[in-house]
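The next block holds one structure in the form of structure tokens; read it before the comments.
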Amino acid sequence: AIEAVGAREILDSRGNPTVEVEVLLDDGTVSRAAVPSGASTGAFEAYELRDGDKARYLGKGVRKAVDAVIDVLGPAIEGLEASDQRLIDGELRAVDGTENKSKLGANAILGVSLAVAKAAADSADLPLFRYLGGPNAHVLPVPMMNVINGGAHADTGVDVQEFMILPIGAESFTEALRWGAETYHALKGELKAGGFATGLGDEGGFAPDLAGTTAALDFLLAAIEKAGFTPGTDIALGLDVAATEFHRDGAYHFEGSQRSATELAAFWADLVKNYPLVTIEDPMSEDDWDGWAALTTEVGSAVQIVGDDLFVTNPTRLADGIARGTANSLLVKVNQIGSLTETLDAVSLAQRSGYTAVLSHRSGETEDTTIADLAVATNCGQIKTGAPARSERVAKYNQLLRIEEELGDAAVYAGRSAFPRFRG
Ligand code: PGA
Ligand code: ZN
């Protein structure tokens, strides 16, 4: 049973405070979890509680959330069995009492929720992926490695937020990670040779001031070839547009001109024809349901269309999207919804509805590796956790190396099969 719950303020990868929670069980188990934080956050995300005290951390302190854990959330679940995750998450939501967790903070609630799961796993002496996923957890995800950062994650004029490489042709996760790292290094060389800066953005990818989307994609193709791989068959491409960020007053302010939803959709459809793109996230704004539906109809059979700001890992918004035929994939961010149970509910709704699911980090991360285990636990086959560089990104990839090793011959790397279009 849960004996005590503690919390502290720690720093995330951007140097901003975040919540870390520790759970103590009566068998002596102590487990901890830390909460991530986004920059291009969706308007419909659960509420991230910050102190607003300008004298500390520019107002971004999380002492109120820490106090909520210690004074309210912890006492509410003391005495409960850590393995009763659904019961506990329900209790945490009930003591908050709001729809979007705005009273006590989704950061406080999620920290407790994840630390409880880890304590239950540790107490049962099981790896987290096995505890959460049971005997059938065995699929290693395709890493979507974000190697060029733009948008809200860089200080350049590049509008698309993330340019990703996906080693879909590798035999194992271990090999996929090597291919990605080798391509990352080749990309650095190509950018240098082209006279571009090789400083990094928030997710560990390079942040060159390129002319636009096609220039970035051309650099990716050159880097893949330079590293000795074949674009499309060995390593495919992906984008996170994060279009909400440049949608204002009913228009998309993109690459120097104002575009309608139809014009922007035509731009993406063109890219899908001309580049080996297998996935595009948030190609339309979070409230442009019509734009999303039109694009899904146009290119949804050729490419995975992932809803991030659109769905915010919220089963209710996802159910809405499924009913309307919007997108065909769910981005999964634990802090967008704020508890493990609701996260798993969203993933299972996606999977039951023929949508793929992509486990994801945030641009503000910590050394916590829970999402790596969640990806294997759900057999979802895809994970997005930044460049193959910088420890807060690599921590998740390294955890997947350990899980693949632990599974041994039972491990299956998702590869192309993660994407319905390759399943025929
Ligand atoms: P964020 O970016 O964590 O800054 O929201 C990640 C994403 O948009 O997928
Ligand atoms: Zn996104």
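Nothing in this text is a laboratory measurement; each read-out follows from the coordinates by a stated rule. All of these numbers come straight from a predicted model, not from anything done at the bench. Quick reminder, even Gly has a Cβ in these numbers, built from the backbone with ideal geometry, and neighbours come from all protein chains shown.
Just a few scattered comments:
- Footprinting exposure proxy for Asp122, Asp308 (fewest neighbouring C-beta atoms within 10 Å first): Asp122, Asp308
- With a cut-off of 12 Å between beta carbons, the residues surrounding Leu237 carry a summed charge of -4, where Lys and Arg count +1 and Asp and Glu -1.
- Between the helical axis of 173-193 and the longest alpha-carbon principal axis of the chain there is an angle of about 50 degrees.
- Check: the chain dipole with +1 on Lys, Arg Cβ and -1 on Asp, Glu Cβ, in debye: 500 debye
- Top of Asp27, Asp12, Asp234 by mean-square fluctuation, Gaussian network on the chain, Cα under 10 Å: Asp27
- Annotation for the range 81-176: GluC sites (Glu not before Pro) lying in DSSP loop with at most 11 further Cβ atoms inside 10 Å of their Cβ are Glu99, Glu171.
- Taking Ile371, Ile305, Ile322 in turn, the Gaussian network model of the chain (Cα-Cα springs below 10 Å) assigns the largest fluctuation to Ile322.
- In straight-distance terms, cross-link reach from Lys103 covers every one of the lysines whose alpha-carbon lies under 21 Å from its own, apart from those fewer than eight places away in the same chain; here that gives Lys54, Lys60, Lys64, Lys333.
- Taking the DSSP bridge list for the chain and keeping only pairs wholly inside it, about 60 percent are antiparallel.
- Projecting the Cα atoms of Ser31, Ala4, Pro17 onto the dipole axis of the range 1-40, where Lys and Arg carry +1 and Asp and Glu carry -1 at the beta carbon, places Pro17 farthest toward the positive end.
- For the chain: relative contact order, % (alpha-carbon pairs under 8 angstrom, 6 or more apart): 20 percent
- For the range 42-73, the residues whose backbone nitrogen is under 18 Å from a point 7 Å from the Cα of Ala94, taken along Cα to Cβ, are 72-73.
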